[in-house]
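What follows is a short report on a single structure.
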Amino acid sequence: MHRNEPEITPALVAEHGLKPDEYERILALIGRTPSITELGIFSAMWNEHCSYKSSRLHLRSLPTKAPWVIQGPGENAGVIDIGDGDACIFKMESHNHPSFIEPYQGAATGVGGILRDVFTMGARPVACLNLLRFGSPDHPKTRHLLEGVVAGIGGYGNSFGVPTVGGSVNFDTRYDGNILVNAMAVGIAKANEIFYAKATGVGRPIVYLGSKTGRDGIHGATMASAEFDDKSDEKRPTVQVGDPFSEKLLLEATLEIMAKGCVIAIQDMGAAGLTSSAVEMGAKGDLGIELDLDKVPCREEGMTAYEMMLSESQERMLMVLDPAKEEEAEAIFRKWGLDFAVIGKTTDTLRFVIKHQGEVKADLPIKELGDQAPLYDRPHVETPKQPVIDADKVNAPLPHDQALLKLVASPDQCSKRWVWEQYDHLILGNTVQQPGGDAAVIRLGDGPKGLALCTDVTQRYCEADPFEGGKQAVAEAWRNLTATGALPRALTDNLNFGNPERPEIMGQFVHCVRGIGEAARALDFPIVSGNVSLYNETQGRGILPTPSIGGVGVVADVTKTVGIGFRSIGETILLIGETKGWLGQSIYLRDVCGHAEGAPPPVDLAAERRNGDAVRALIGKGLVAACHDLSDGGLALGLAEMTMPYGIGATIADPAEGVSLTGWLFGEDQGRYLLACQTPDLEDVEANLRAAGVPFAVIGRTEGNMLALPGAAPISVRAMARAHEAWLPDYVAKAEA
Amino acid sequence: MKAAVLLFPGINRENDVARALAQSGVKPTIVWHAEHDLPQGTDLVVVPGGFSYGDYLRCGAIAGRANIMDAVRAHAARGGLVLGICNGFQILCESGLLPGVLMRNRDLKFICKEQHLRVERHDTAYTNAYGHHQIIKVCIAHGEGNYVADSATIQTLEGEGRVAFRYCDAAGHVGGKGNPNGSMNDIAGIYSEKLNVLGMMPHPENLIDSLIGGIDGRGMFDSLGAFGKRAA
């Protein structure tokens, strides 16, 4: 039936990323040889990125429900009830592979894609965050990738008009050939005005909205499901080009027609473009979909059905409209200067039918395209346990003050101001806690309600012990939100791993997911959306397992949130939680001693919850002047980070007997916070902590402009801040010199 | 006082500035770029920040030629107030209402941060709530804010007292490190000949709340509110 189309050969099947047994499955399903368009559709729907074929089985074990969860995984984004009739809609997604090939556009379109996921559901975006992992600073490509990715994130978000309020940037040689760019978007809508992908009603118009379709991005999702090799640069044409201006118009037009009641179902065109969005809408609504590709607005002449179905051109949407409101919707789109075309209709046949130039180019069973995608229970082996490091046996190669100075000016721990000053983090005028703290806090409207937002993962823990590392990633996000005074409500995850066909990588994935699930259950912190990115490998070398967690907390009154900086002289400093001096996998061991080893700190989830709940209650009572969670670099780095924002020093007493000083200063025991309170409030604070059964110690007070740690020469806060701020700009300047 | 806040495709700080105006008792109305007339009784036209038409051509070049700009030029010629912030400043330069041009920042990067300014004169509709040479903290968020003009224009601006704000450091020191983008003479904002048109790169509208960085930006909107009351 198809003239001038290539014959389907085993080589062509392989080029589409389909394994021989997967192709057999297609033959069995449709009972004939597929057309080239159909083969393209299957490859788009059945690749790892769209079908989650290696991960689905394990993701099912994650907790996704809570009384406040309105929509869990499976839609464009997750939705939670935040009270007063409002809902928060959010998701995180990776754009790792495209960003490595073309950093500016890869990162920019990552931001565009995740924003679209959020406003497709009827939400107005109020914040963006990201989590970035680059290769070693010494790798020749790192500067170029860092500069390009940061400029791309800023270029898109700044123009779109959403504040980018938080994120995380780390460097490790294991990302040399495969960086991570995970972008998160957060939006707000009325809880009873959420829009979904599920189509309803037979014979209703399917409308194409937004930018025109071009040849860009064809097979982007397939590329994202393969390992890299030394020819990856040749894949540049599969990276799309972002157009934040069109996206801004699409946002305004979409929200306007939603408010007018025109929209029945809506799906953005992301990975696998028109194919994935149309199949999703039909399959979810138990309806067939018929598309007439002659009506698709195209950027160039002569595009084939195959190209149109697989294009990943950006800033496009698909909707099922209320037929009575078609004219009204079209007028709104025309006003914003956007394309609007009826390109098909819903049917009762449960078939996905594609027509082009008088020919049927594809006719496939719509439910099976999604439901019958391969599902693999891939073999997996557990990561061998690492020995517990005895802190007493760790020799300090540097005096503690010098070790701390080295850490504050190290690539991972230095100030990321150079990054977030390229992001407009102040637009909308609601950024209460700016980047640089534990979590960002934004006010909603005129307040007093707000949201706390963060992104976290400690990939070296995940590599050493995937289960504990998975737990820790969730616990740290929960802790970071808590440290501002927020109540953590739900999370989105972005699971970045290597090749799942290798049992040790699959083992990392399986155990990280188990750890994430365990912590999420214990902390009432369900997973409402997420994304899996596998095959993050180059020439057979995998990245560190990096399950990024994006956390969202609700703040009842933003005026009561606290930041990390010491505010005044004479405040009392308390250490909350138990300190054993755990040095295994610590930043100290890695960056000061030069050997990354040992078991990572275990997370006691009951203690985590008890300590966090008590800290949050203290902040809510107005008894806390500053609060900081303890993580990388332990107590010493935590204190340093509290002194630097306002240049206020602190004097810290000796630790209790029985803990090695190095372990006490730099250990990364979990479930801990540093608090500063006004000294007259101390009695009240202590009484509250005792009543909650929380271990704590009064360790010092704020004074002067030096940080004086036990067993260390006093450190000038100003000198420390200078070194902390200098590393990143100096690093980038070296490239330009 | 009534303000018309212009909306071009790609503008994104229209609600920020509308909020600041309303807080100071100025009534804002959003006006679509394709309109030919300003609403009846408009005292102040505000051209907000953002990325009109994506800034894909020269910043502000397309918006500067929009329908509504004829009405804005007529309004300015009558002595009406016109305020352009950030992309709005670029649009005013492109539309011929203000001299000079905004080039890419000196270090070629977008910069968003809190920024100190020195108020050069406090006797205009925009600055009467500030003190003499008051140092205020607002914020900047731009990639093309580097003010450049030929030496004759700079001389005229300086000679006629038409520099509205200069970049400075927290201590009020002008010149040197307080200048974030390389602007000539540390210029952050300029007036038209009759002082009724003001264009500026920084965003006073984002610093109107003690919870969100401070309230130094509010003085400009309070000035406009007070000016409106006096005029009425």
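Based on Cβ point charges of +1 for Lys and Arg and -1 for Asp and Glu, what charge dipole magnitude is obtained for chain A about its Cα centre, in debye rounded to the nearest 20?
Taking the Cα centre of chain A as origin, the dipole is about 640 debye.
Near the amide H of B:V197, under 5 Å away, which other amide H atoms are found, from residues 5 or more places off or on another chain, if H is placed in the peptide plane?
The answer is B:V82, B:S192.
Can you list, largest first and rounded to whole Å, the semi-axes you get for the stretch B:81-122 by taking the square root of 5 times each eigenvalue of its Cα gyration tensor?
20, 17, 10
Taking the Cβ of each residue in A:D438, A:D363 as the centre, tally the other Cβ atoms inside 10 Å and list the residues starting with the fewest.
Fewest-to-most Cβ neighbours within 10 Å comes out as A:D363, A:D438.
Could you work out the local net charge near A:D424, counting Lys and Arg as +1, Asp and Glu as -1, over the other residues with Cβ closer than 14 Å to its Cβ?
With Lys, Arg at +1 and Asp, Glu at -1, the neighbours total -2.
Could you give the alpha-carbon Rg of the stretch A:339-463 over 2.2 N^0.38 Å, rounded to two decimals?
Cα Rg divided by the expected 2.2 N^0.38 Å: 1.99.
Pick from B:A188, B:A171, B:A125 the residue whose mean-square fluctuation is largest in a GNM of chain B, springs joining Cα atoms under 10 Å.
Looking only at B:A188, B:A171, B:A125, the biggest GNM fluctuation is shown by B:A171.
Taking the Cβ of each residue in A:E280, A:E307 as the centre, tally the other Cβ atoms inside 10 Å and list the residues starting with the fewest. Show your work: numbers first, answer last.
Values: A:E280 27, A:E307 18.
By the 10 Å Cβ count, ascending: A:E307, A:E280.
Just name one of A:L57, B:A149, A:T200: the one whose Cα is farthest towards the positive end of the charge dipole of the protein assembly as shown (beta-carbon charges, Lys/Arg +1, Asp/Glu -1).
B:A149
Evaluate the relative contact order of the stretch A:1-119 (contact order divided by residue number), counting alpha-carbon pairs under 8 angstrom at least 6 apart; express in whole percent.
13
Show that you can apply the helix-only estimate: for chain A, add -39,500 (n - 2.57) for every DSSP H stretch of four or more residues, divide by all residues, and state [θ] at 222 nm to the nearest 500. Show your work: numbers first, answer last.
Working: 24 runs with 250 residues, N = 737.
Per the formula, -10000 deg cm²/dmol.
Report the charge-dipole magnitude of the stretch A:503-580 in Debye, nearest 20, computed about the Cα centre from +1 at each Lys and Arg Cβ and -1 at each Asp and Glu Cβ. Write out the running numbers ahead of the final one.
Numbers: 6 positive and 7 negative charges, 12 e Å.
Dipole about the Cα centre, nearest 20: 60 debye.
When we measure straight from the Cα of A:K141, which lysines land under 16 angstrom away, once same-chain ones fewer than 8 places off are left out?
A:K231, A:K734
Write down the Kirkwood hydrodynamic radius of the stretch B:15-101, to one decimal in angstroms, obtained as one divided by the mean of 1/r over all alpha carbon pairs. It would help to have the intermediate numbers written out before the result.
Details: mean 1/r = 0.0759 Å⁻¹.
After inverting the pairwise mean of 1/r, the radius is 13.2 Å.
Roughly how many debye, to the nearest 20, is the charge dipole of the stretch B:2-231 about its Cα centre, given +1 on each Lys and Arg Cβ, -1 on each Asp and Glu Cβ, and no other charges?
160
What is the fewest-to-most order of A:V181, A:V149 by other Cβ atoms lying within 10 Å of their Cβ? The partial results should precede the final answer.
Working: A:V181 30, A:V149 27.
Ordered by Cβ neighbours within 10 Å, fewest first: A:V149, A:V181.
Return the inverse of the average 1/r over all pairs of distinct C-alpha atoms in the stretch A:486-627, which is the Kirkwood hydrodynamic radius, in Å to one decimal.
Its Kirkwood hydrodynamic radius stands at 18.1 Å.
The stretch B:1-78: which trypsin sites (Lys or Arg not before Pro) are DSSP loop and have at most 11 other beta-carbon atoms within 10 angstrom?
Sites meeting the loop and neighbour criteria: B:R78.
Using only Cα atoms, find the angle between the long axis of helix A:326-335 and the longest principal axis of chain A, and express it within 0 to 90 degrees, rounded to the nearest 10.
Between the helix axis and the principal axis of chain A, the angle is about 60 degrees.
Which one of B:F51, A:V381, A:P710 is farthest out on the positive end of the charge dipole of the protein assembly as shown, using unit charges on Cβ (Lys, Arg +1; Asp, Glu -1) and the Cα centre as origin?
Of the options given, the answer is B:F51.
Across the residues of A:417-428, average count of Cβ atoms on other protein chains within 10 Å?
The mean count of partner-chain Cβ atoms within 10 Å per residue comes to 6.
For the Cα atoms of chain A, what angle does the longest principal axis make with the long axis of helix A:20-30, in degrees from 0 to 90, nearest 10?
Computed tilt is about 50 degrees.
Given springs between every Cα pair under 10 Å in a Gaussian network model of chain B, which of B:Q115, B:Q23, B:Q40 has the largest fluctuation?
Residue with maximal mean-square fluctuation among B:Q115, B:Q23, B:Q40: B:Q40.
Ranked highest first by the average count of other Cβ atoms within 10 Å around their residues, in what order do A:487-493, A:194-200, A:242-248, A:396-402 fall?
A:487-493, A:242-248, A:194-200, A:396-402
Given Cα pairs under 8 Å that are at least 6 residues apart, what percent is the relative contact order of chain A?
15
Viscosity 0.890 mPa s, temperature 25 °C: Stokes-Einstein D of the stretch A:594-737 from its Kirkwood Cα radius, in µm² per second?
This corresponds to a translational diffusion coefficient of 145 µm²/s.
Can you give the relative contact order of chain B as a percent, counting alpha carbon pairs under 8 Å and 6+ residues apart?
Contact order relative to length: 21 percent.
Once you compute Rg and the Kirkwood Rh from C-alpha atoms, what is the Rg to Rh ratio for the stretch B:2-231?
Working: Rg = 15.8 Å, Rh = 17.1 Å.
With Rh from the inverse mean 1/r over Cα pairs, Rg/Rh is 0.93.
Based only on Cα atoms, what Rg/Rh ratio does the protein assembly as shown have, Rh being taken as Kirkwood's radius?
So for the protein assembly as shown, dividing Rg by the Kirkwood Rh gives 0.97.
For the stretch A:176-182, take each phi angle, set θ = phi - 60°, evaluate the Karplus expression 6.51 cos²θ - 1.76 cosθ + 1.60, and give the result in whole Hz per residue in order, putting x for glycine and proline.
Values per residue, Gly and Pro as x: 3, x, 7, 6, 10, 10, 10 Hz.
Give me the angle, in degrees from 0 to 90, between the Cα long axis of helix A:244-259 and the longest principal axis of the Cα atoms of chain A, rounded to the nearest 10.
Taking the Cα atoms of chain A, the angle to A:244-259 is about 80 degrees.
Read-outs throughout are calculated quantities, based only on the coordinates presented, and are distinct from any laboratory measurement. Since the model is a prediction, treat every value here as computed from it, not as a measurement. Ideal geometry is used to build each Cβ from the backbone, glycine not excepted, and the neighbour counts take in all protein chains shown.
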